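Here is the structure we will look at, set down as structure tokens.
Read-outs: derived from the displayed coordinates by stated rules, not from any lab. Because the structure is predicted, anything quoted here is derived from the model rather than measured. As a convention, Cβ positions derive from the backbone with ideal geometry for all residues, glycine included, and neighbour counts pool all protein chains shown.
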Amino acid sequence: MTCLLVDDEPLARQGLQLLIAETPQLTVAGEAESADQAAAFLDQQPVDVLFLDIDMPGVSGLSLLKTLPRLPITILTTAYPQFALDGYELNVTDYLLKPIRLDRFLKAVQKAVQQLQLQQKDSAMAPITLFVKTGRSYVPVKITDIQYIEGLKDYVLIHTSTDRLLTALTLKQLEASLPPTHFRRVNKSCIINVAHIQRVETDLLVVAKREITIGDRYRTAFFQKVIQAKTLGL
């Protein structure tokens, strides 16, 4: 599972790194020292698990959670137990009190693993058809027919096996409606359907005979979640 560490204290992030080193299920995708940095990171590179400090200068961790369009599995970390109730009201997975003990950390990670498994099961049962508004009409589109999606400011262009549909949505809004096990953001302006990948190279992939660049910020997560997880002979 990929994770993002969010804490304004460098020593706290370093402590999490040491705990994660003892946890083979987790891979650190990045760090952030503020809620604004975390939001910018998640906009470019979604993660499975968010380790989030609550009490940070400026925007708090809880305020950040309220603004995210797609909420990762979240484990709160803080020195203040009085914030626990507020966190659970936002449907966080667990709450770790600093200083964090290894045994307690491992229990939280196990909860995250179980929650991710449930999410993947739900994704497999997701609706197979989306209704896309184009002009005054709503066009049914099978998720399996979507090859890739381009972001064009306040619009997206959906490429299917038989058509191209332009609709007034942002890429972020549409991404939140798609099952993450099947669709991956590969750069700032493109989401691809993993089932339609024809070839992958170090910095690009081919979908529907079109070469699409894999952005630097997305490359590690893409290869870990899509390529390595489904490659034989590694």
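Distant-in-sequence amide contacts of VAL132, defined by a placed amide H-H separation under 5 Å and a gap of 5 or more residues or a different chain, comprise VAL139, VAL141.
Could you work out the Rg to Rh ratio of the range 2-124, with Rh taken as the Kirkwood radius (inverse of the mean 1/r over all Cα pairs)? Display every interim value, and only then the final one.
Working: Rg = 13.2 Å, Rh = 14.3 Å.
Reported Rg/Rh (Cα atoms, Kirkwood Rh): 0.92.
For the range 167-187, the residues whose backbone nitrogen is under 13 Å from a point 7 Å from the Cα of VAL139, taken along Cα to Cβ, are 167-168. For the range 1-70, the spherically averaged projection of the C-alpha convex hull amounts to 4.2 nm².
When the inverse distances between all different Cα atoms of the chain are averaged and flipped, the Kirkwood radius reads 19.0 angstrom. Computed from Cα atoms alone, the Kirkwood hydrodynamic radius reported for the range 183-230 is 10.5 Å.
A simple packing score, the average count of other Cβ atoms within 10 Å per residue, orders the peptides 134-146, 44-56 as 44-56, 134-146, with the highest score first. Based on the Stokes-Einstein relation at 4 °C and a viscosity of 1.567 mPa s, and on the Kirkwood radius from alpha carbon pairs, the range 129-230 is assigned a translational diffusion coefficient of 94 µm²/s.
Pulled fully out, how much extra length does the chain show between ARG219 and GLN17, if you take 0.36 nm times their separation in residues and subtract their Cα-Cα distance? List each step's numbers first, then the result.
Working: separation 202, 0.36 × 202 = 72.72 nm, distance 2.10 nm.
Answer, rounded to one decimal: 70.6 nm.
Taking +1 at the Cβ of each Lys and Arg and -1 at the Cβ of each Asp and Glu, which of VAL113, VAL132, LEU68 sits farthest along the dipole of the chain towards its positive end, judged by Cα position relative to the Cα centre? Checked the options; the winner is VAL132. Please find, in a Gaussian network model of the chain (springs between Cα atoms separated by less than 10 Å), the residue of ARG70, ARG199, ARG184 whose mean-square fluctuation is greatest. Fluctuation is largest for ARG199.
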